[in-house]
Each structure stands twice: as C-alpha cells, then as structure tokens.
Number of protein chains: 2
Amino acid sequence: MQKAHHPELGEIALIEVMAALSDPIRVGLVRVLADGHERGWGQLRAPVAKSTLSHHLRVLRDAGLTRTRQEGTRCYVTLRGEDLQARFPGLLQVVLSAMEIDDVGSQVGLRDGEDL
Amino acid sequence: MQKAHHPELGEIALIEVMAALSDPIRVGLVRVLADGHERGWGQLRAPVAKSTLSHHLRVLRDAGLTRTRQEGTRCYVTLRGEDLQARFPGLLQVVLSAMEIDDVGSQVGLRDGEDL
DNA sequence: TTCGATGTTCGTGAAACGTCGAACAAGCTA
DNA sequence: TAGCTTGTTCGACGTTTCACGAACATCGAA
C-alpha cells in the first residue's frame, strides 16, 4: 500500500505520545501489544469499523508507539518497547501499570482465544 | 466565583490525565508546578490570553492534576502530586522526566525572576 | 461608592478528532 | 482472468478542542 512513516527514535515527541494515549481504543491496542509479541492486523478485535481501526493504528505509528510491517496483503504490528524505553525511560512501564489500575481499553482484545 | 469541581482520588481517569498532558501549554504549567510549591495565578506566564489560560487550568483541574484554591479574588494552584502518586504510582515522575528530555512546555514560566 | 485587579463565562470561529461507509489498491487463490 | 481478502484512503458528519475578545462577577483599595 504505501510509505507508512515511522518516526526515528529522536523524533518521538512526548506530546504526540500522550495524545496517542488519550483514546481508549488506542490504549487498548497498546495493552494488547504490551507482551511484545507481533500481532497480525486481523487478530485485533476492537469495537470500531476497520477504517477507524486503521486510523488508530496510524496514529500510534505516527506517534512512534508501534511499528508496522507488511507482508503480502497483511500487516503486522509491534510495540516499539525498546525505542520508547530509550527515548522516555520508564514511561511505557508506568503507563501500562496505570492502564490496568484504571482498566482502560479492555474493550480491545484478540480474536477468540488467542493469547500468545 | 464558583464550584470548581475537583475529582476524587478514585475518579482520576487515566485517559483524561493523558489528554490533559497532550498540550504544550498544560505540560508547561505542570512543569512549573512540579516543585510542589503553590503558585498564585498571576505568577504564571504563558503565551496565551487569560481566558485561554483559565481554560487550560480548568482542564488540568478537571483531570485531577491540580488543585485550585481561592482566596479573595485570587486563585492559587498546586500539583496534586501525592494524589497522583497514590492513583498512578510513578506516572508523574516519569512524565516530568520525559518533559525535560523533550523540552516540552518551556514556553511557560513564572513572572520575572520568581523561582521559589 | 467608585475604581481597578483578578478570574470566570460566554459567544464565536478555526482546526482537529473519531467515526462511518464507500471506493480503491494490492496481493493471494481459484 | 476473475474473485476474495486485507488494509488504506477519501469524503462526510458531528463533537470536541483551542483560541480570542468582550462581558460579567467578586473582592480589595482609594
């Protein structure tokens, strides 16, 4: 499909990261990806239309939170855990903990019983 | 003037906190307040009209990040550092560090040479 | 009481956001 | 080739956000 711009490590901006994490759907996606496993696009289950999901994944990518890889017609997405740790140490960890405390984004999950 | 709703500790929502922190002016305000000192409204210097500043301070208050106290015609604002620590441990610390790394919100400061 | 200072609220407008369905592009598969 | 699947892109729409100036309310000072 196309370019899919990923920001460099040094280009990851705090404001955009925060903005990306201020939507429940996106927070849910981050939570699903938090185990570090790469996920196929189709495994993700969220209560929105596919165009909307595409939009949210793009916001996450543009903010530098995730990396998208393409293989044939499919996309795979991963959390940029190490990059985030390098750029803003501790941020991801703390936010993930906070997500659980507040139970944000639980509406997002994986298809059926896929866990790992 | 009026009510000025402050959320209870348990009502502080992660999504709103993140949303509040996704604006440079508000991040700057948080940074100024990060030393824990209470600040008079008039000490704050930000490149926006006063009605806009009022708006931002309201967003921070509604999100549970700050507490506003009134005395006569003046308002004083403080970071709810302890409450935040209790609700989302480590979050504020990490975000403050990230703010410095990315130098966000440096356009906001205190009037003249006021430091403490 | 009158004035000035301080913040809030209101009305407005521009921009951004979240959402959707439809149309499109690209790659498998038959 | 034709058709299916997958994901992106494109308006469109309504909501929310940010910004401003003007008007208002409140209090302290003159």
Exercise. Once the other residues with Cβ under 12 Å from the Cβ of residue A:104 are scored (Lys, Arg +1; Asp, Glu -1), what is the net sum?
Worked result: -3
Seminar exercise, completed: Interchain or sequence-distant (5+) residues whose placed amide H lies within less than 5 Å of the amide H of residue A:66 are A:61, A:80
Problem set entry | Net charge of neighbours whose Cβ lies under 15 Å from the Cβ of residue A:71, counting Lys and Arg as +1 and Asp and Glu as -1 | +3
Seminar exercise, completed: Distribution output for region A:9-102: share of Cα-Cα pairs per 10 Å bin in percent, first bin at 0, values 16, 54, 28, 3
Problem set entry | Nm distances between copies for residue A:106, ranked from closest, using label points 7 Å along Cα→Cβ | 4.2
For this session: Springs between alpha-carbon atoms under 10 Å, Gaussian network over chain A: tell me which of A:71, A:38, A:16 tops the mean-square fluctuations.
Result: A:71
Problem set entry | Across the identical copies, how the residue B:73 labels are spaced - nm, sorted shortest first, 7 Å along Cα→Cβ | 6.9
Exercise. Between copies, how close do the residue A:6 label points come, placed 7 Å along Cα→Cβ, listed in nm from shortest?
Worked result: 4.4
For this session: Before anything else, pin down the relative contact order of chain B: Cα pairs under 8 Å, at least 6 apart, normalised by residue count, whole percent.
Result: 39
Exercise. How large is the dipole of the protein assembly as shown about the Cα centre if only Lys and Arg carry +1 and Asp and Glu carry -1, each at its Cβ, rounded to the nearest 20 debye?
Worked result: 720
Seminar exercise, completed: Summing -39500 (n - 2.57) over every DSSP H run of at least 4 residues in chain B and dividing by its residue count gives a helix-only mean residue ellipticity at 222 nm, to the nearest 500 deg cm²/dmol, of -12500 deg cm²/dmol
Seminar exercise, completed: Under the Karplus relation with 6.51, -1.76 and 1.60 and θ = phi - 60°, whole-Hz ³J(HN,Hα) for region A:23-37, x at Gly and Pro, equal 10, x, 4, 5, 4, x, 5, 4, 4, 4, 7, 4, 7, x, 6
For this session: Distance between Cα centroids, region A:49-114 to region B:48-116: provide it in whole Å.
Result: 28
Exercise. Which trypsin sites (Lys or Arg not before Pro) does region B:15-116 hold that lie in a coil by DSSP with at most 14 other beta carbons within 10 Å?
Worked result: B:111
Exercise. At a Förster distance of 45 Å, what's the computed FRET efficiency of residue B:5 paired with residue B:101, Cβ-Cβ distance as r, to 0.05?
Worked result: 0.85
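No lab work stands behind these numbers, since they all come straight from the coordinates. The structure presented is a predicted model; accordingly, all values stated were derived computationally and were not measured. Neighbour counts are summed over all protein chains in view; Cβ atoms, including those assigned to glycine, are modelled from backbone coordinates with ideal geometry.
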